[in-house]
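Colleague: The structure under discussion is supplied below as structure tokens; questions concerning it will follow.
Please treat every number below as a calculation from the coordinates, not as lab data. Please read these numbers as outputs of a predicted model, since none were measured by experiment. In this analysis, Cβ positions are derived from the backbone assuming ideal geometry, glycine residues included, and neighbour counts consider all displayed protein chains.
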Amino acid sequence: MRILVLLLAAAMALTALPAAASDAQLGRIGDLKLESGQVLRDCKVGYRTFGQLNAEKSNAVVFATWFSGSSADLASVIGPGKLVDSSRWYVITVDALANGVSSSPSNSALQPRMQFPKVSIRDMVNSQHEFLTRVLHLDHVKAVMGISMGGMQTFQWALSYPAFMDKLIPIVGSPQLAPYDLLLWQASLDAIRKDYEYKNGEYTQEPVLATVQELADLALTTPEFYNRDTTRKQFLESVGKKNPPAFGANNRVIQLEAMMGHDVAAPFGGSLERAAQAMKAKMLVVVNVHDRMVTPGPAVEFAKFAKAELLELRGDCGHRAPSCEEDRVGAAIARFLEAR
């Protein structure tokens, strides 16, 4: 897995609910007050929809994007036989802030590049709530779900808007990053900032960031999977031939910092147990025990405190488990969504 979004208050576009479209759209929510006290000007949230909203508006499922991912990327895991069935559920994929679709350093006219304010996972969730309530006019949804950073957003939804949904499905996400995760993301940040092509965010063309790409490959799966999937010849031929990632370097910095600051327990004196007890919705937590990109410990601990359902995957795909074990994860999600 190569592995949201917001806009303007005074001139807010009240968008009608699309029938069954999956075309990219933007919702404007106006200026957004951020957790840091800064303001994100003219905030826009990108989204796509899949399936039909029923007459009772009771079948909406919000699907948050992963780190560096977009609502377009999520299309591959939506539909019959996938992670969430759009023939049964009205799936709203929402682009996270700073992903290059929603308001981001790469597309903001008022706060471009590193003038873009610091955002948090909580800010991403707040922008999504504003979008869902003010643009799509939904005051309740069936479920919120997400993979990786989308899973982090899902955990935050549980605490920021506990009555907004019936169910929550964080997949290989975390309520707070473990020290090993912080080490990985700090190494990525250091590699970006020290890359001579980055130029403190004032680059004129996207830097290659070879070290960052290599760090991601190291953590994405497991040694066993990587060695089976990649030959020595393929690896040696790839050295020095990397292209600039599609995900912009400044966008990457903002989202990396958001993940590193993520901690749902912070308002509860640092206690995951107290945070979990404040939850109202039912939760299915999906982890992979061999995940080296978002290690599963905090999610497993939160599931225990919340008395949530826990699906522990044990395949050697590591963080890629939702795609490697899509049938099993999809079946678990289908059962959970239908259960009373």
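Colleague: Would you mind checking the stretch 209-231 for residues with the amide N under 14 Å from a putative spin-label position 7 Å along Cα→C-beta of Lys241?
Modeller: 231
Colleague: Total Lys pairs in the stretch 106-229 closer than 30 Å by alpha-carbon, pairs eight or more apart in sequence or interchain only? Show your work: numbers first, answer last.
Modeller: Numbers: Lys118/Lys167; Lys118/Lys194; Lys118/Lys199; Lys142/Lys167.
Count of close lysine pairs: 4.
Colleague: Cysteines without a disulfide-compatible partner in the chain, using Cβ under 4.7 Å as the rule?
Modeller: Cys43
Colleague: Next question. Step through the residues of the stretch 77-83 one at a time and calculate ³J(HN,Hα) from phi using the Karplus curve (6.51 cos²θ - 1.76 cosθ + 1.60, θ = phi - 60°), rounding each to whole Hz and writing x for Gly and Pro.
Modeller: Ordered by residue, 3J(HN,Hα) equals 10, 10, x, x, x, 9, 5 Hz.
Colleague: Rounded to the nearest 0.05, what FRET efficiency do Gln234 and Ala109 have when you use their Cβ-Cβ distance and R0 = 41 Å? Don't skip to the answer; put the middle values down first.
Modeller: Details: r = 42 Å, r/R0 = 1.02.
In this case the efficiency is close to 0.45.
Colleague: Here is a follow-up. Around Ala281, what is the net charge, scoring Lys/Arg as +1 and Asp/Glu as -1 over all other residues with Cβ under 13 Å from its Cβ?
Modeller: Computed value for this residue: +3.
Colleague: Okay, next question. Could you calculate the FRET efficiency of Lys304 with Glu326 from 1/(1 + (r/R0)^6), where r is the beta carbon distance between them and R0 is 25 Å, rounded to 0.05?
Modeller: Here the calculated transfer efficiency is 0.45.
Colleague: Placing +1 at every Lys and Arg Cβ and -1 at every Asp and Glu Cβ, with all other atoms neutral, what dipole size does the stretch 260-317 have around its Cα centre, in debye to the nearest 20? Can you show the working numbers first?
Modeller: Values: 7 positive and 7 negative charges, 46 e Å.
Magnitude of the dipole: close to 220 debye.
Colleague: Continuing with this model, one more query. Would you kindly state how much longer the chain becomes between Leu189 and Gln38 on full extension, computed as 0.36 nm times their sequence separation minus their alpha carbon distance, in nm to one decimal?
Modeller: Details: separation 151, 0.36 × 151 = 54.36 nm, distance 2.20 nm.
Result: 52.2 nm gained on full extension.
Colleague: On full extension of the chain, what length is gained from Gln205 through Ala178, given 0.36 nm per residue of separation minus the C-alpha to C-alpha distance?
Modeller: Working: separation 27, 0.36 × 27 = 9.72 nm, distance 3.36 nm.
Difference between extended and current length: 6.4 nm.
Colleague: At 222 nm, what helix-only mean residue ellipticity would the chain give, in deg cm²/dmol to the nearest 500, using -39500 (n - 2.57) for each DSSP H run of four or more?
Modeller: Numbers: 12 runs with 116 residues, N = 340.
When only DSSP H runs of four or more count, the value is -10000 deg cm²/dmol.
Colleague: Compute the length gained on full extension between Phe268 and Tyr196: take 0.36 nm times their separation in residues and subtract their Cα-Cα distance, giving the result in nm to one decimal.
Modeller: Values: separation 72, 0.36 × 72 = 25.92 nm, distance 4.10 nm.
Result: 21.8 nm gained on full extension.
Colleague: Place a +1 charge on the Cβ of each Lys and Arg in the chain and a -1 charge on the Cβ of each Asp and Glu, then give the dipole magnitude about the Cα centre in debye, rounded to the nearest 20. Working shown, then result.
Modeller: Details: 35 positive and 35 negative charges, 62 e Å.
It works out to roughly 300 debye.
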